[in-house]
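Worksheet for the structure shown next.
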């Protein structure tokens, strides 16, 4: 059964995440479980997520879900703008809500850090060579 589409292409936050994520070497976009996913060989970030609270689904449509080093994840979990996403949270992924207080530089750094953790070494080397 296909998942319903759970995003709007005209969403300015999606456009910002998309521009950061697709600027990384070898990055592509696909729809996974109704949401945009950015990947090389493995997914490095998702746009939008949900979690269950007291048996009910709580949507976080304007968020980014990242796979970060454990220390970074632990530090972010101290902030109220973060959440543990359904399914992926058990594997160490973290969700970060996006709004007018979101620092665009920090957003780019978090997406890049997630990319560095999961992308093939040759692509990370290309990123480093371009810097």
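The values are calculated or read from the model by the stated rules, or taken from the named source; none is laboratory data. This is a predicted model, so every value here is computed, not measured. Heads up, the Cβs are rebuilt from the backbone with ideal geometry, glycines too, and the neighbour counts pull from every protein chain shown.
Quick one: count up the residues across region 104-123 that are out of contact with any strand residue (DSSP E or B) (no Cβ under 8 Å at 6 or more places or on another chain), in a helix (DSSP H, G or I) and in contact (Cβ under 8 Å) with a residue 12 or more places away in the chain.
4
For the condition modelled with pLDDT under 95, farther than 14 Å from residue 117 by Cα and surrounded by 15 or more Cβ atoms within 10 Å (Cβ to Cβ), what is the one hit in 89, 95?
89
For residue 53, state whether it is more than 21 Å from residue 8 (Cα to Cα), surrounded by 11 or more Cβ atoms within 10 Å (Cβ to Cβ) and out of contact with any helix residue (DSSP H, G or I) (no Cβ under 8 Å at 6 or more places or on another chain).
no
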